[in-house]
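Undergrad: One structure is given below, represented as C-alpha cells, and several questions about it will come after.
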Amino acid sequence: MKPRDVIVLGGGAAGLFCAIEAGKRGRSVAVIERAGQVGKKIAISGGGRCNFTNRHTRPENFLSENPDFCRSALARYTPRDFVTLVERHGIAHHEKKLGQLFCDGSARQIIHMLLDECAAARVEVTTGCEVIEITRDGAFLVRTDKQTFTASSLVLATGGLSIPKIGATDFAYRVASRFGLRVVTPRPGLVPLLFAPVEGAAFRDLAGISFEAIVHLDGAAFREGVLVTHRGLSGPAILQISSHWRSGEEIRIDLLPGERAEALLEANRGSAMQLATLLGQRLPRRFAQIWCSLYAPSKPMRQYSAKAAATIGARLHDWRVIPSGTEGFAKAEVTAGGIDTRELSSKTMETRRVPGLYVIGEAVDVTGELGGFNFQWAWASGYAAGQYV
Ligand SMILES: Cc1cc2nc3c(=O)[nH]c(=O)nc-3n(C[C@H](O)[C@H](O)[C@H](O)COP(=O)(O)OP(=O)(O)OC[C@H]3O[C@@H](n4cnc5c(N)ncnc54)[C@H](O)[C@@H]3O)c2cc1C
C-alpha cells in the first residue's frame with residue numbers, strides 16, 4: 001500500500017480538475033472512479049458538445065441555501081481561465097447564445113483534455129473501482145475492491161443523484177452522514193415539470209410544440225423557450241424554473257412576452273375572428289385552441305365584452321400552473337441541495353469538522369442555472385480544493 005498525498009473519489013468534471021491542480025503542485029494524487037470510464041456525464045453533456053462554461057458566470061447564477069458561498073471559488077477560477085485551457089489544447093468552440101460556450105466537435109475533446117492534463121500532472125486514475133470502506137486514523141484509508149489507498153487528504157467528488165442510469169449514486173451523502181456532515185435534502189433540478197391531470201389530458205397530444213414565454217416563480221423569471229411534452233412542460237425556461245420549484249407551488253407563465261395582450265384583444269373586439277384564431281397568430285395554433293378550451297372558450301371576438309377581453313388578456317400574461325411533480329432524478333440535469341455549505345470553507349472546500357476531507361462539484365449545495373454554469377462550478381470548486389489538498 002503506497003501512501004499518496006491525495007485521494008479523489010469520483011472521476012467527473014470536479015474530481016479530475018481538482019486532481020490536475022493538486023498534481024501540478026507536486027502532490028501525489030489517486031483518482032478512484034467507480035464507472036468503467038471517467039467523465040461519463042461530460043460525454044453526454046450539452047447534447048454531446050459539452051456546454052463547458054458560460055462567459056457571463058456570476059454568483060447570481062447559482063442556487064444554494066448560502067448564495068454567497070460560491071463567490072470566492074468562482075472569483076479565483078473564471079470562465080476565461082477555462083477557455084484559455086481549452087484553447088491551449090486546440091479545442092475549437094463557439095458561443096451558442098447567452099454566453100454559453102460549446103465544443104465545435106465533441107464533448108469527448110474535453111475528457112481527452114482532462115486526461116492529458118492528468119497525465120502531465122502524474123495523476124493516477126483507477127476506473128471500475130468500487131469503494132468498500134472509508135476509515136480515518138490520522139490519514140484516510142479507502143478500501144476498494146481493487147486495492148487499499150491511503151492519503152492525508154480525501155476529496156469527495158462523486159456528484160449528485162441525477163441520471164442514475166449512467167451511474168449517479170447517493171455515495172456523497174452517505175459519506176457525509178458517516179462523517180456527521182449536514183446535507184440539504186437533494187431534489188431534482190433542471191428537470192421537466194408534470195401537468196396536473198386536467199392540463200395533462202388536454203395538452204398531451206401537443207407534445208413537441210414550443211413557444212417563447214417568461215416563466216416566473218417567486219422572484220425568479222426566465223424568458224426562453226417552453227416545450228410541451230407528453231406529460232407536462234419542458235424547454236429551457238421550464239428547466240430553469242424547476243430548480244426553484246417546490247412541491248405544491250404555482251408557476252406563472254407569460255404566454256405573450258413583450259406584447260400587450262389586453263390591447264391586442266381590445267383592438268380586435270369588433271371582429272368576427274375566433275379568439276383561438278387570433279391567438280393562433282401569436283402562439284402555436286393547436287396550443288392556442290387547447291388553451292382557449294381550458295381557460296377562455298373561443299367565440300367570435302365581437303361577442304366578448306371589454307371586461308371579458310381584459311380578463312383573458314391578463315390571463316395570457318399570467319397563466320398559472322401548479323405542476324403535480326417533476327420527471328425526477330432520472331431526467332434531471334442536476335441535483336439541487338447536497339452537502340451543506342456551512343460544513344465547508346469557501347476558500348478551500350475543506351470540511352470544518354473533518355480536517356483533510358474536502359467536498360467539491362455537484363455534491364455540494366451549489367446548483368447552477370442551465371447554460372454551462374454547472375461545469376464552471378465543477379472547475380472552480382475543483383481548482384479551489386486543488387490548491388490546498
Ligand atoms: C444530460 C446532462 C447534460 C448536462 N449538460 C451540461 C452542460 O452542457 N453544461 C453544464 O454546465 N452542465 C451540464 N450538466 C451538469 C454537469 O454534467 C454536472 O453538473 C457536472 O458533471 C458535475 O460534476 P461533478 O464532477 O461534481 O459530478 P459528476 O460529473 O457526476 O462526476 C461524479 C463522478 O463520480 C463517480 N462516482 C459516483 N459514485 C462513486 C463512487 N462510489 N466511487 C467512485 N466514483 C463514484 C461517477 O461515476 C462520476 O464519474 C449536464 C448534466 C446532464 C445529466
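The values are calculated or read from the model by the stated rules, or taken from the named source; none is laboratory data. Note that the structure is a prediction, hence the values are computed from the model and not measured. When we count neighbours, we look across all protein chains shown, and the Cβ atoms used for this are built from the backbone with ideal geometry, even at glycine. Ligands, DNA and RNA are stripped out before the accessible areas are found, and what is left, the full protein with its side chains, is counted by its heavy atoms. Shrake-Rupley method; radii C 1.70, N 1.55, O 1.52, S 1.80 Å.
Undergrad: Step through the residues of the stretch 144-154 one at a time and calculate ³J(HN,Hα) from phi using the Karplus curve (6.51 cos²θ - 1.76 cosθ + 1.60, θ = phi - 60°), rounding each to whole Hz and writing x for Gly and Pro.
TA: Calculated HN-Hα couplings, in order: 10, 6, 9, 7, 9, 10, 9, 6, 7, 10, 10 Hz.
Undergrad: Okay, next question. Of Q100, L316, V31, which is farthest on the positive side of the dipole of the chain, counting Cα position, with +1 on Lys and Arg Cβ, -1 on Asp and Glu Cβ, and the Cα centre as origin?
TA: Value computed over the given set: L316.
Undergrad: So what's the convex hull volume per residue for the Cα atoms of the stretch 60-173, in Å³?
TA: 181
Undergrad: Another question, then. Provide the per residue accessible area, probe 1.4 Å, for the stretch 256-389, rounded to a whole number of square angstrom.
TA: 39
Undergrad: Separate question: Kindly write out, for the stretch 237-244 in residue order, the coupling ³J(HN,Hα) from the Karplus curve 6.51 cos²θ - 1.76 cosθ + 1.60 (θ = phi - 60°), rounded to whole Hz, with x marking Gly and Pro.
TA: 5, 6, 4, 4, 6, 4, 5, 8
Undergrad: Also, I was wondering about something else. Once you've got the Cα coordinates, tell me which of K24/K96; K41/K96; K24/K347 are over 26 Å apart.
TA: K24/K96
Undergrad: Give the carbon-plus-sulfur fraction of the accessible surface of the stretch 191-289 in %, rounded to a whole number; probe 1.4 Å, heavy atoms of protein chains only.
TA: C and S atoms contribute 49 percent here.
Undergrad: Report, ordered by chain and residue number, the aspartates and glutamates lying within cross-link reach of K97, taken as a straight Cα distance under 16 Å and ignoring same-chain residues fewer than 8 apart.
TA: E212, E224, E369
Undergrad: Can you compute the FRET efficiency between R223 and I166 using 1/(1 + (r/R0)^6), with r the Cβ-Cβ distance and R0 = 45 Å? Round to the nearest 0.05.
TA: 0.90
Undergrad: K146's amide H: which non-local residues (gap 5+, or another chain) put their own amide H closer than 5 Å, with H modeled 1.01 Å from N in plane and none for Pro or chain starts?
TA: Under 5 Å from the amide H of K146 lie the amide H atoms of E130, each far enough along the sequence or on another chain.
Undergrad: Given a 1.4 Å probe, how much area per residue of the stretch 93-185 is accessible, in Å²?
TA: 48
Undergrad: Taking amide H positions as placed in the peptide plane 1.01 Å from N, state which residues far from G235 in sequence (5 or more) or on other chains have amide H under 5 Å from it.
TA: L227
Undergrad: Still on this structure, please answer the following. Please name whichever of F329, A385, N374 sits farthest to the positive end of the charge dipole of the stretch 324-389, dipole taken about the Cα centre and charges placed at Cβ: Lys and Arg +1, Asp and Glu -1.
TA: A385
Undergrad: Summing +1 for each Lys or Arg and -1 for each Asp or Glu, what net charge is found among the other residues whose Cβ lies under 10 Å from the Cβ of G23?
TA: Local net charge: 0.
Undergrad: Give a residue-ordered list of calculated ³J(HN,Hα) values for the stretch 127-134 (Karplus: 6.51 cos²θ - 1.76 cosθ + 1.60, θ = phi - 60°; whole Hz; x for Gly, Pro).
TA: 9, x, 10, 9, 6, 9, 7, 10
Undergrad: Still on this structure, I have one more. Show me the three semi-axes of the equivalent ellipsoid for the chain, from the C-alpha gyration tensor (sqrt of 5 times each eigenvalue), largest first, rounded to whole Å.
TA: 47, 20, 17
Undergrad: Here's a follow-up. For E95 paired with T126, estimate the spin-label separation in nm (one decimal), with each label point 7 Å from Cα along the Cα-to-Cβ line.
TA: Here the modelled spin labels are 4.4 nm apart.
Undergrad: Keeping the other protein chains in place, figure out the carbon and sulfur percent of the accessible area of the stretch 83-189, with a 1.4 Å probe.
TA: Of the solvent-accessible surface of the stretch 83-189, carbon and sulfur hold 50 percent.
Undergrad: Non-local amide H neighbours of T326 (under 5 Å, H modeled in plane, Pro and chain starts lacking H): which ones?
TA: L194
Undergrad: With point charges of +1 on the Cβ of Lys and Arg and -1 on the Cβ of Asp and Glu, referenced to the Cα centre of the chain, which listed residue (I91, I20, I134) lies farthest in the positive direction of the dipole?
TA: I91
Undergrad: Additional query: Using the scaling law 2.2 N^0.38 Å as the reference, what is the normalised Cα Rg of the stretch 165-282?
TA: My calculation over the Cα atoms of the stretch 165-282 gives 1.44.
Undergrad: Find how many whole Å separate the alpha carbon centroid of the stretch 12-57 from the alpha carbon centroid of the stretch 121-142.
TA: After rounding, the separation between the Cα centres reads 17 Å.
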